[in-house]
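The values are calculated or read from the model by the stated rules, or taken from the named source; none is laboratory data. Being a predicted model, the structure only gives us computed values, none of them experimental. Cβ placement follows ideal geometry from the backbone for every residue including glycine, while neighbour counts extend to all protein chains displayed.
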């Protein structure tokens with residue numbers, strides 16, 4: 001963690017400064033461009049994806065509140081389905097950010113429908129399922145089985161993983 005938190009995941013002053021700088025950079029870009037969007041991944045365990053210091057709620061809720069004041073187009077939140085500790089932050093972010101909130105990662109049609117119907121989100125994005133199911137909306141509407149994506153072919157050279165997934169007939 002490059003010294004941003006102790007081994008017990010207690011935030012340090014260095015961690016607070018680091019995340020303040022990261023948030024500030026995104027805010028500066030949003031101010032300069034007028035109306036963009038942001039994707040956040042609270043609870044992610046990779047340094048590049050989020051904050052693994054045990055204090056993600058304070059960091060991400062503050063960032064969401066700041067983004068709300070800028071009037072960004074939408075906030076996308078990587079909030080894995082079924083990972084309760086990671087999803088507990090969604091209501092706090094929803095309270096801090098009044099714009100459109102898009103959830104992502106591991107949602108089924110039923111989970112996505114519930115999230116939107118309950119007001120937890122304005123939309124749910126389907127990333128990986130679209131890679132393996134170019135006809136995803138049709139499959140979801142018909143209740144058809146989904147093809148499983150092959151992660152080894154994600155963003156690779158050549159046609160494998162791009163044009164070889166079967167379409168419904």
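Is it the case that some residue within segment 153-160 is touching a helix residue (DSSP H, G or I) at 6+ places or on another chain (Cβ under 7 Å) and at pLDDT 85 or above? Spell out the reasoning first.
From segment 153-160, those touching a helix residue (DSSP H, G or I) at 6+ places or on another chain (Cβ under 7 Å) are 154, 160; that's our starting set.
Pick out the ones that are also at pLDDT 85 or above and you get none.
No; the residues of segment 153-160 include none that is touching a helix residue (DSSP H, G or I) at 6+ places or on another chain (Cβ under 7 Å) and at pLDDT 85 or above.
Name the residue that is farthest from residue 111 (Cα to Cα), counting only residues in segment 41-59 that are at pLDDT 60 or above, surrounded by 20 or more Cβ atoms within 10 Å (Cβ to Cβ) and touching a helix residue (DSSP H, G or I) at 6+ places or on another chain (Cβ under 6 Å). Walk me through it before giving the result.
Let us first name the residues in segment 41-59 that are at pLDDT 60 or above, namely 41-42, 55-59.
Subset that is surrounded by 20 or more Cβ atoms within 10 Å (Cβ to Cβ): 41-42, 56, 59.
From what's left, touching a helix residue (DSSP H, G or I) at 6+ places or on another chain (Cβ under 6 Å): 42, 59.
Details: 42: 19, 59: 26 Å.
So the residue we want is 59.
I'd like the residue in segment 87-107 that is surrounded by 14 or more Cβ atoms within 10 Å (Cβ to Cβ) and part of a helix (DSSP H, G or I) and, out of all such residues, is modelled with the lowest pLDDT.
87
Determine, yes or no, whether residue 161 is over 19 Å from the mean Cα position of the chain (by Cα), surrounded by 15 or more Cβ atoms within 10 Å (Cβ to Cβ) and in a loop (DSSP other than H, G, I, E, B). Can you show your working first?
On the way: over 19 Å from the mean Cα position of the chain (by Cα): yes; surrounded by 15 or more Cβ atoms within 10 Å (Cβ to Cβ): yes; in a loop (DSSP other than H, G, I, E, B): yes.
So residue 161 passes the test.
Taking the residues in segment 113-128 that are part of a helix (DSSP H, G or I) and modelled with pLDDT under 90 as candidates, determine which candidate is nearest to residue 164 (Cα to Cα). Break it down into steps so the answer makes sense when it comes.
So in segment 113-128, the residues part of a helix (DSSP H, G or I) come out as 113-117, 128.
Next cut, modelled with pLDDT under 90 only: 115, 128.
Values: 115: 32, 128: 15 Å.
The qualifying residue nearest to residue 164 (Cα to Cα) is 128.
Does residue 126 satisfy being surrounded by 11 or more Cβ atoms within 10 Å (Cβ to Cβ), over 27 Å from residue 37 (Cβ atoms) and free of Cβ contacts under 8 Å to residues at least 24 places away in the same chain? Before you say what the answer is, go through the steps one by one.
Details: surrounded by 11 or more Cβ atoms within 10 Å (Cβ to Cβ): yes; over 27 Å from residue 37 (Cβ atoms): no; free of Cβ contacts under 8 Å to residues at least 24 places away in the same chain: yes.
Considered against the rule, which asks whether it is surrounded by 11 or more Cβ atoms within 10 Å (Cβ to Cβ), over 27 Å from residue 37 (Cβ atoms) and free of Cβ contacts under 8 Å to residues at least 24 places away in the same chain, residue 126 comes out as no.
Here's the yes/no breakdown for (1) buried (at least 19 other Cβ atoms within 10 Å of the Cβ); (2) at pLDDT 90 or above; (3) at positive phi; (4) in contact with a helix residue (DSSP H, G or I) (Cβ under 7 Å, 6 or more places away or on another chain):
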residue	(1), (2), (3), (4)
83	no, no, no, no
109	no, yes, no, yes
135	no, yes, no, no
143	no, yes, yes, no
